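Colleague: What follows is a single structure, and I will ask about it in a moment.
The values are calculated or read from the model by the stated rules, or taken from the named source; none is laboratory data. What you see is a predicted model, and the numbers here were worked out from it, not measured in a lab. Here the Cβ positions follow ideal geometry from the backbone for every residue, glycine too, while neighbour counts run over all protein chains shown. Keep in mind that these areas ignore ligands, DNA and RNA; they rest on the heavy atoms of the full protein, side chains included. Shrake-Rupley method; radii C 1.70, N 1.55, O 1.52, S 1.80 Å.
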Amino acid sequence: MAARALREAGRRRGWAAEVGRRCFSGGSAGAAVAEPKEGVAEGGKAVNLFTAVNQALHIALDTDPRAYVFGEDVGFGGVFRCTTGLADRFGKSRVFNTPLCEQGIAGFAIGLAAMGNRAIAEIQFADYIFPAFDQIVNEAAKFRYRSGNEFNCGGLTIRTPYGAVGHGGHYHSQSPEAFFCHVPGLKVVIPRSPREAKGLLLASIRDPNPVVFFEPKWLYRLAVEEVPEEDYMLPLSQAEVIRKGSDITLIGWGAQLAVLKEACEDAAKDGVSCELIDLKTLIPWDKETVEASVKKTGKLLVSHEAPITGGFGAEIAASIAERCFQRLEAPVARVCGVDTPFPLVYEPFYMPTKNKVLDAIKATVNY
Amino acid sequence: MAALWLARASSQLARRAARRLPPLPSRHGGEPSPWFLGSSVAAPPPVLGSPPLPPLERIARRGFCSVRRFAGESSAAAAAADEEEPENGFAGGDQAIDFPGGKVSFVAEMNFLPESHGERISCYRVLDDDGRTISGSRFQEVSKEVALKMYIEMVTLQIMDNIFYEAQRQGRISFYLTSNGEEAINIASAAALSIDDIVLPQYREPGVLLWRGFTLQEFANQCFGNSMDYGKGRQMPIHYGSNRLNYFTVSSPIATQLPHAVGAAYSLKMDKKDACAITYFGDGGTSEGDFHAALNFAAVMDAPVVFFCRNNGWAISTPTTEQFRSDGVVIRGQAYGIRGIRVDGNDALAVYSAVHAAREMAIAEGRPILIEALTYRVGHHSTSDDSTKYRPVDEIEHWRTARDPISRYRKWVQGNDWWSDAEESELRRRVRKELLQAIQVAERMPKPPFAELFTDVYDQIPSNLREQERLLRETIMKHPADYPTDVPV
Ligand SMILES: Cc1ncc(C[n+]2csc(CCOP(=O)(O)OP(=O)(O)O)c2C)c(N)n1
Ligand SMILES: [Mg+2]
């Protein structure tokens, strides 16, 4: 009844259903980022990103009887379906819901990991990781160092969805990676596509250091590519040149790669050749690959969704300025979120869009 | 019952075991030992049958009696108790010590506190399932006028939920979350408060705001994030807030508002206001650290705050059995030194009476009160959720129909001859019409202007944001197609 009345009122006024639209540039192509790469078996079924994560978790639990997966609402498959089927297959003592308490999840995971287990913890949204900040920063990150390597919690991996989705507002959109990059002892990894997500997640889970693994939730359903069904890992701390070019180097991670990729294609139409790098691991990051590229192109653009000030782009800009000062032909450009909380109706304004990137490419190339 | 029996049985076993063991000799030959200064012995020797030792450093600083005497006496006492002690501890009257924090007496038995009381704490109720007052029930009288307003607002909340939910389904708003099944909690608790009481909500309490006079138009403006939304379109739908109505703006992170409520309550007390703070939260929220911090702070600060837990059985897909193993939430008040009550959350009169009394105690006695309202989340968690994935449909149906708080309350109201079927249909017709109207107006209204993206980050716009605004304006001029047309630039 109400539904019909509403709909009729809508028709009369000619309303468009426009919720969740991403009418700003650079919003279309999750899948466009994926390209075949060396080192990974080819083929496999085309799956989306949450399914790729799910596959990795199945493999992690299957290959290591001391692996555990837990977090809020993980039991029924998780609010993003990443843990579907795990509890049924591996049992409730290895895959389970936790109480609603992020500090508890992180602290519990650290203790579990310290006993020689693989603790794969989920924080439901990266926006809600802050109650766990003390455990992650003061405990997980320093466990090995403060004990002189008597103890470590290297089996710890914290998975958490991050980034914009078009309608997430303040608390379902943030990209808090830079906070964790500022903490020696943690690794920070962010995949750009399903195939990357599976290989990097398995590598993170098996890496003997605590890893915070941010999953681009905007791509969970949107990004689809062929993912090898078998167990494979992609190396951490290795950036990847996903497009070769000669005029400028673009660098990013996670969902932003899709935007950068589109900008590269548009720039090419204007005769600008961009080299695109996926950093993948933010800490410890692969300076050599970035440095080699910038030495070739003489220009660098960094782009991320997090606010520009104090973002990880600042660290990259500073390091490259140090290493490539003589070769830089223009200031390092940064195309990032603005310095405000993540806003709902202003999301299209806030975002580092394709056209913002394109403008910055042109300004840098013509500097 | 079984749990109680087990607890008793195990403590009897423990008692017997304790008697059979000989008293332990002091490992340090009776001399006060400097172990607390950092010798290799990490802890004082355990003495069976005595309570754990208090922290030594503190005792030493206070010039308390020596460790030796304390430990020695306990072992000797344990031995003595072995021979002549009646079941329940020391016969002598002087076996108690002023510990920091108060006098505590000793017992010879090694009694572990049981993990539960055995029987679940009972639940205060006024109306039975048929809307009749249970004989002997004591409750706060409500005038006909207030009673009717409560009913009308409960129905209004229900209709608002149905229509906004549908609007989300049609893609008109980006998100919604209903209070289905919790209408009595929302409205009756609000009715028992005064407008000067400060409300710190979670997100499933829009009825409190409705009761205070937030109009359907104001609700719609927030959900559409238009230029009349007090939150300036920055937050997701349902994140209402109103300074005028003493309702702090909703924040998505769970339980963060609880410590705020304690601070707000402390301020009310310092200002000698005739008001309290009330904060609402779910069963899931009680697991967060902020819940525990807030209860403890409130008790220690003697803050006039009412903690109102809506225990609706679910935190998204997580049932309370996987959230806590205590008997719900109310019991935890005691551990913090906070008075509490468990109430039937689907009984408007019980909720009203409990909040009324809690408020009076909080203000008059300067103390926190914990209320646990038992209820059921009849709707999905939100429009992002399908709860049939994790709970049985007939369970939902049962609560939606047989346990509906609105119909129960209506029976009582109609039993008083205060309400007729004709008035009912007129009310529903009117509210629906008003809502559809409010939605049309809200939808037609432009979004807040672009400039508001940069305001309110600080009280004044700093230079970095001024520069970002200028650059962004240039971008918008260059690429107008990238930006929504309904946001005035
Ligand atoms: C700190 C934090 N962690 C996780 C979430 C995601 N989340 C939103 S609501 C919710 C469940 C809350 O359950 P409860 O407190 O019982 O309230 P109810 O929804 O039942 O009213 C969760 C886990 C959040 N909002 N904040
Ligand atoms: Mg709940």
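Colleague: Considering only the range B:462-482, I want to know if a residue exists there that is within 33 Å of the chain's Cα centre (by Cα) and over 25 Å from B:Gln202 (Cβ atoms). Quick ask: steps written out before the conclusion?
Modeller: So in the range B:462-482, the residues within 33 Å of the chain's Cα centre (by Cα) come out as none.
No, the range B:462-482 has no match at all.
Colleague: What number of residues within the range B:459-489 satisfy the criterion of being outside any helix (DSSP H, G or I) and either within 21 Å of B:Gly225 (Cα to Cα) or small (Gly, Ala, Ser) (or both)? Give the derivation first.
Modeller: Keep residues of the range B:459-489 that are outside any helix (DSSP H, G or I), which gives B:459-462, B:479, B:483-489.
Filter once more, keeping what is either within 21 Å of B:Gly225 (Cα to Cα) or small (Gly, Ala, Ser) (or both): B:483-489.
The number of residues fulfilling the criteria is 7.
Colleague: Mind checking which residues of the range B:253-295 are closer than 18 Å to B:Glu322 by Cβ, hydrophobic (A, V, I, L, M, F, W, C) and assigned to a loop (DSSP other than H, G, I, E, B)?
Modeller: Selection gives B:Ile254, B:Ala255.
Colleague: B:Asp344 is checked against (1) within 28 Å of B:Arg403 (Cβ to Cβ); (2) within 16 Å of ligand 1 (Cβ to nearest atom); (3) open to solvent by 10 Å² or more (accessible area, probe 1.4 Å); (4) not polar (S, T, N, Q) and fails just one. What number does that condition carry?
Modeller: (2)
Colleague: Within the range B:311-409, which helices (runs of 4 or more DSSP H) (wholly inside it) include 2 or more residues that are within 16 Å of ligand 2 (Cβ to nearest atom) and not aliphatic (A, V, I, L, M)?
Modeller: B:393-401
Colleague: Please work out if B:Tyr247 is within 18 Å of the chain's Cα centre (by Cα) and within 16 Å of ligand 1 (Cβ to nearest atom). Spell out the reasoning first.
Modeller: On the way: within 18 Å of the chain's Cα centre (by Cα): yes; within 16 Å of ligand 1 (Cβ to nearest atom): no.
So B:Tyr247 fails the test.
Colleague: State which residue is nearest to the other protein chains (Cβ to nearest Cβ) when the search covers only the range A:55-80 and only residues that are in contact (Cβ under 8 Å) with a residue 40 or more places away in the chain and assigned to a loop (DSSP other than H, G, I, E, B).
Modeller: Selected residue: A:Asp73.
Colleague: Next up: So if I check each of B:Leu374, B:Leu349, B:Leu435, which one is surrounded by 20 or more Cβ atoms within 10 Å (Cβ to Cβ), within 14 Å of chain A (Cβ to nearest Cβ) and among the aliphatic types (A, V, I, L, M)? Spell out how you get there, then give the answer.
Modeller: Numbers: B:Leu374 fails: within 14 Å of chain A (Cβ to nearest Cβ); B:Leu349 fails: within 14 Å of chain A (Cβ to nearest Cβ).
The match here is B:Leu435.
Colleague: If you don't mind, there's one more thing I want to ask. Going through the range B:123-147 one residue at a time, which ones are part of a helix (DSSP H, G or I) and open to solvent by 20 Å² or more (accessible area, probe 1.4 Å)?
Modeller: Residues of the range B:123-147 that are part of a helix (DSSP H, G or I), as a first pass: B:144-147.
Correct list: B:Lys144, B:Glu145, B:Val146.
Colleague: Against the definition (in the same structural domain as B:Val262 (by TED's automatic domain parsing), under 29 Å from B:Val351 (Cβ atoms) and free of Cβ contacts under 8 Å to residues at least 12 places away in the same chain), how does B:Val393 come out, yes or no?
Modeller: Here the answer is yes, as B:Val393 does meet what is asked.
Colleague: How about the range B:235-251: which of its residues are open to solvent by 40 Å² or more (accessible area, probe 1.4 Å) and in contact with a Leu (Cβ under 6 Å, 6 or more places away or on another chain)?
Modeller: Within the range B:235-251, just B:Phe248 meets the criteria.
Colleague: Residue under question is B:Val413, and the condition is that it be part of a helix (DSSP H, G or I), more than 11 Å from chain A (Cβ to nearest Cβ) and within 31 Å of the chain's Cα centre (by Cα); does it hold? Don't jump to the end; show me each part of the working.
Modeller: Working: part of a helix (DSSP H, G or I): yes; more than 11 Å from chain A (Cβ to nearest Cβ): yes; within 31 Å of the chain's Cα centre (by Cα): yes.
Taking the combined requirement at face value, the residue satisfies it.
Colleague: Pick from B:Tyr165, B:Tyr176, B:Tyr203: which is within 13 Å of chain A (Cβ to nearest Cβ), open to solvent by less than 10 Å² (accessible area, probe 1.4 Å), in contact (Cβ under 8 Å) with a residue 40 or more places away in the chain and touching a Ser or Thr at 6+ places or on another chain (Cβ under 9 Å)? Walk me through how you get there before you give the answer.
Modeller: Numbers: B:Tyr165 fails: open to solvent by less than 10 Å² (accessible area, probe 1.4 Å); B:Tyr203 fails: open to solvent by less than 10 Å² (accessible area, probe 1.4 Å).
Matching residue, one of B:Tyr165, B:Tyr176, B:Tyr203: B:Tyr176.
Colleague: Conditions: (1) closer than 15 Å to B:Asp347 by Cβ; (2) outside any loop (DSSP other than H, G, I, E, B); (3) open to solvent by 10 Å² or more (accessible area, probe 1.4 Å). B:Met150 meets all but one. Number of the miss?
Modeller: B:Met150 satisfies all of (1) closer than 15 Å to B:Asp347 by Cβ; (2) outside any loop (DSSP other than H, G, I, E, B); (3) open to solvent by 10 Å² or more (accessible area, probe 1.4 Å) except (3).
Colleague: Filtering the range A:225-257 down to residues that are in a strand (DSSP E or B) and open to solvent by 40 Å² or more (accessible area, probe 1.4 Å), which residue is nearest to A:Pro208 (Cα to Cα)?
Modeller: If we filter the range A:225-257 for residues that are in a strand (DSSP E or B), which is where we start, we get A:225-227, A:240-243, A:248-252.
Pick out the ones that are also open to solvent by 40 Å² or more (accessible area, probe 1.4 Å) and you get A:226, A:241, A:243.
Details: A:Glu226: 28, A:Val241: 26, A:Arg243: 31 Å.
The extreme case among them is A:Val241.
Colleague: Look at A:Ala330 and say whether it is touching a Lys or Arg at 6+ places or on another chain (Cβ under 8 Å), open to solvent by less than 20 Å² (accessible area, probe 1.4 Å) and in a helix (DSSP H, G or I). Quick ask: steps written out before the conclusion?
Modeller: On the way: touching a Lys or Arg at 6+ places or on another chain (Cβ under 8 Å): yes; open to solvent by less than 20 Å² (accessible area, probe 1.4 Å): yes; in a helix (DSSP H, G or I): no.
Answer is no for this residue.
Colleague: Just give me the residues in the range B:252-303 being within 16 Å of ligand 2 (Cβ to nearest atom), in contact with a Pro (Cβ under 9 Å, 6 or more places away or on another chain), away from chain A (no Cβ under 12 Å) and open to solvent by less than 10 Å² (accessible area, probe 1.4 Å), in sequence order.
Modeller: B:Thr279, B:Tyr280
Colleague: Would you check if there is a residue in the range A:7-25 being modelled with pLDDT under 55, crowded, with 22+ Cβ neighbours inside 10 Å and either away from ligand 2 (no atom under 16 Å from the Cβ) or at negative phi (or both)?
Modeller: The answer is yes; a qualifying residue exists.
Colleague: Does A:Gly43 satisfy being more than 14 Å from every other protein chain (Cβ to nearest Cβ), touching an Asp or Glu at 6+ places or on another chain (Cβ under 7 Å), not β-branched (Val, Ile, Thr) and not in a strand (DSSP E or B)? So that I can check it myself, show each step before the final result.
Modeller: Details: more than 14 Å from every other protein chain (Cβ to nearest Cβ): yes; touching an Asp or Glu at 6+ places or on another chain (Cβ under 7 Å): yes; not β-branched (Val, Ile, Thr): yes; not in a strand (DSSP E or B): yes.
Judged against the criteria, A:Gly43 is a match.
Colleague: I've got another one for you. Quick check: anything in the range A:265-288 open to solvent by less than 20 Å² (accessible area, probe 1.4 Å), in a helix (DSSP H, G or I) and closer than 24 Å to A:Lys362 by Cβ?
Modeller: Taking every residue of the range A:265-288 in turn, at least one turns out to be open to solvent by less than 20 Å² (accessible area, probe 1.4 Å), in a helix (DSSP H, G or I) and closer than 24 Å to A:Lys362 by Cβ.
Colleague: With assigned by TED's automatic domain parsing to the domain that holds B:Gln235 and β-branched (Val, Ile, Thr) as the only criterion, which of B:Val431, B:Val457 stands out?
Modeller: Working: B:Val457 fails: assigned by TED's automatic domain parsing to the domain that holds B:Gln235.
Exactly one of B:Val431, B:Val457 is assigned by TED's automatic domain parsing to the domain that holds B:Gln235 and β-branched (Val, Ile, Thr), namely B:Val431.
Colleague: Taking the range A:87-109, which residues are more than 14 Å from chain B (Cβ to nearest Cβ) and crowded, with 24+ Cβ neighbours inside 10 Å? It would help to see each step written out before you state the result.
Modeller: If we filter the range A:87-109 for residues that are more than 14 Å from chain B (Cβ to nearest Cβ), which is where we start, we get A:89-91, A:94, A:109.
Scanning the range A:87-109 gives a single hit, A:Ala109.
Colleague: Something else now. Which residues, counting only those in the range B:235-255, are within 22 Å of B:Ser384 (Cα to Cα) and of a type in the set (Phe, Trp, Tyr)?
Modeller: Pass one, the range B:235-255, residues within 22 Å of B:Ser384 (Cα to Cα): B:235-240, B:249-255.
Correct list: B:Tyr240 only.
Colleague: B:Tyr230 - would you say it is over 24 Å from B:Asp274 (Cβ atoms), in the same structural domain as B:Leu435 (by TED's automatic domain parsing) and buried (at least 21 other Cβ atoms within 10 Å of the Cβ)?
Modeller: Details: over 24 Å from B:Asp274 (Cβ atoms): yes; in the same structural domain as B:Leu435 (by TED's automatic domain parsing): yes; buried (at least 21 other Cβ atoms within 10 Å of the Cβ): no.
In short, no.
Colleague: Assess whether B:Trp399 counts as being away from chain A (no Cβ under 12 Å) and open to solvent by 40 Å² or more (accessible area, probe 1.4 Å).
Modeller: Numbers: away from chain A (no Cβ under 12 Å): yes; open to solvent by 40 Å² or more (accessible area, probe 1.4 Å): yes.
So B:Trp399 passes the test.
Colleague: Is one or more of the residues making up the range A:292-304 outside any loop (DSSP other than H, G, I, E, B), touching a helix residue (DSSP H, G or I) at 6+ places or on another chain (Cβ under 8 Å), within 14 Å of another protein chain (Cβ to nearest Cβ) and open to solvent by 10 Å² or more (accessible area, probe 1.4 Å)?
Modeller: no
Colleague: Okay, moving on. Using the structure shown, decide if A:Glu322 is open to solvent by 30 Å² or more (accessible area, probe 1.4 Å), modelled with pLDDT of 95 or more and more than 14 Å from chain B (Cβ to nearest Cβ).
Modeller: Details: open to solvent by 30 Å² or more (accessible area, probe 1.4 Å): yes; modelled with pLDDT of 95 or more: yes; more than 14 Å from chain B (Cβ to nearest Cβ): yes.
It is true that A:Glu322 is open to solvent by 30 Å² or more (accessible area, probe 1.4 Å), modelled with pLDDT of 95 or more and more than 14 Å from chain B (Cβ to nearest Cβ).
Colleague: So, in the range A:48-74, how many residues would count as being within 16 Å of ligand 2 (Cβ to nearest atom) and open to solvent by 10 Å² or more (accessible area, probe 1.4 Å)?
Modeller: Here is the first cut: in the range A:48-74, the residues within 16 Å of ligand 2 (Cβ to nearest atom) are A:72-73.
Narrowing further to those that are open to solvent by 10 Å² or more (accessible area, probe 1.4 Å): A:72.
So the answer is 1.
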